[in-house]
1. Consider the stretch 78-131. How many of its residues are without any contact (Cβ under 8 Å) to a residue 60 or more places away in the chain and of a type in the set (A, V, I, L, M, F, W, C)?
2. Can you name the residue in the stretch 49-60 that is exposed (fewer than 13 other Cβ atoms within 10 Å of the Cβ) and not small (Gly, Ala, Ser) and is also nearest to Ile127 (Cα to Cα) among such residues?
3. Just give me the residues in the stretch 85-94 being surrounded by 12 or more Cβ atoms within 10 Å (Cβ to Cβ) and farther than 10 Å from Val71 by Cβ, in sequence order.
Amino acid sequence: MLCLSCSSLLAQVPSDPIEPDPLNPQRDTTVYFYIDEVPVLNSGNVDDFIKANFKCSEALKKEYTGKYIFVAFVIEKEGVLSNVRILQGKGLNPKLDAEALRVVNLTNGNWRAGKVNGSAVRCMYKIKVTI
């Protein structure tokens, strides 16, 4: 079983400082944590996608059943992912963590960006993957 979590509120919370894009110094590097419209996976429900693509051995499933991994990433305005990572202290096992990252990365480029005031923005997205 896999579960997901994501928030959608009206506010901007600045992210950790991000260096300006050296190729485009005018580019807005703000990452929104709370947005008006949440990002959407173009190919369907993100939970279903992860369930269909997450693979691990029966031994790992048995050992870690009911436990979870938190994966966080930024969805760029163009629908691509950046900064995909396991949240600190929220991983389970190196093999399961790597599989969670692999499956999330399969969605790269397949997102409709989140919006604030009707405009696409870079936003933080978190997924809770339950084994």
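The numbers here are math on the coordinates, done by the rules we state, and not lab data. These numbers were taken from a predicted model, which means no experiment stands behind them. Cβ coordinates were reconstructed from backbone atoms using ideal geometry, including for glycine residues, and neighbour counts include every protein chain displayed.
1. Total meeting the criteria: 14.
2. Lys55
3. Taking the stretch 85-94 as the starting set, the residues that turn out to be surrounded by 12 or more Cβ atoms within 10 Å (Cβ to Cβ) are 85-87, 90-93.
Residues satisfying the conditions are Leu92, Asn93.
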